[in-house]
Amino acid sequence: MHVLQSETLRQLLKYLQERLPRTYKLYSIVRAIDQGKWDGLDICVDTWPNPDMVITRKQPGHEHGAGMYLHAEYHYYIEPNSKIHSNNVGKTMFEEICDWNAIAVFRGNVGSPRTVSILREIAAKKGGLIEKQVQLTFNEEDFPDFSLMQAPALPEGFNVTSLEERDVDFVCNTCAYFQEGHTSREYVRRAINAFPSIVVRDAKGDVVCYEFTHVFGTGSAYTAPEYRRQNWSSFFYKHLGIKRQKNGYLPRQGELVSLDKSQFYSKGFAAKGGKLPPKCENHLVATFRPYSKSNL
């Protein structure tokens with residue numbers, strides 16, 4: 001196993017960019033580290049310069065790391081059809097990098113049909129269980145080109161700016177992830193200061209809606225109750241998509257959802273055993289829970 005140094009991150013970014021969209025969140029994290037906008041994470045690979053597995057871990061002794069959640073998160077990429085599991089290298093990396101004494105979430109491409117079984121095997125040995133979830137992501141050609149769009153016009157009396165330090169407490173009081181106890185105030189503050197965001201205010205200066213970007217590329221959004229069901233979500237998704245793309249960021253999955261929501265939700269994906277929508281692929285989310293914490 002190798003821990004990559006700062007001088008090799010540009011080379012890794014090229015590697016990850018060639019493998020989009022399955023590397024989407026990992027690419028966003030590495031880009032943020034390379035630009036000096038985030039710290040506290042190591043990027044680990046099985047070998048270099050042609051890795052079959054890339055995974056993040058929190059640097060020893062660092063308090064905040066990249067996680068949106070207060071528990072540990074590991075973002076990874078496994079090269080499809082590699083021998084990373086058949087030669088036990090993948091299993092060894094998961095065992096050595098991860099803290100198996102606490103709740104942890106693994107996010108990445110499916111990579112190999114054996115990924116989940118390997119995680120479950122380790123979990124059983126460590127005294128816990130793996131809860132499997134599968135999300136979906138679109139192929140790169142389906143990401144809309146926001147650079148060709150114009151920002152939607154605001155109604156009279158409203159204005160749009162970026163979230164600021166003074167908005168941190170408001171975001172923490174309204175962000176669902178924070179309210180559910182998953183993430184910290186310090187994480188919210190760092191994300192608002194480091195990455196693109198938007199906030200719409202009315203003539204009195206009250207917040208109508210906002211969205212900020214997480215270190216791994218997706219975002220959290222909020223609309224004030226009195227403005228819901230008025231299509232504000234479409235406004236801030238498109239507006240932030242344009243802003244992100246102008247600043248060299250990739251369009252994120254949520255922006256695509258807002259532009260084609262009827263197709264995105266109409267068949268419920270594969271949640272009930274149905275087929276994936278066209279040009280979709282699986283993205284794995286697996287949660288490890290020690291038996292002593294299984295009911296948390």
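The values are calculated or read from the model by the stated rules, or taken from the named source; none is laboratory data. Not measured: the values here are computed from a predicted model. Quick reminder, even Gly has a Cβ in these numbers, built from the backbone with ideal geometry, and neighbours come from all protein chains shown. Just so you know, the surface numbers come from the protein's heavy atoms only, side chains and all, with ligands and any DNA or RNA stripped out. Shrake-Rupley method; radii C 1.70, N 1.55, O 1.52, S 1.80 Å.
Residue 237 contributes about 50 Å² of solvent-accessible surface, heavy atoms of the protein only, 1.4 Å probe. Positive end of the dipole of the range 147-231 (Cβ unit charges, origin at the Cα centre): among 215, 187, 171, the Cα lying farthest that way belongs to 215.
Charges were assigned to the Cβ only: +1 to each Lys and Arg, -1 to each Asp and Glu. The resulting dipole of the range 10-96 about its Cα centre is roughly 300 debye. A simple packing score, the average count of other Cβ atoms within 10 Å per residue, orders the peptides 4-13, 87-96, 238-247 as 238-247, 87-96, 4-13, with the highest score first.
When ranked by the protection proxy of mean other Cβ atoms within 10 Å per residue, highest first, what sequence do the peptides 208-219, 118-129 form?
Values: 208-219: 22.8, 118-129: 16.3.
Output ranking for 208-219, 118-129: 208-219, 118-129.
So, by mean Cβ neighbours within 10 angstrom, what's the order for 154-163, 39-48 with the highest one leading?
The peptides rank, most packed first, as 39-48, 154-163.
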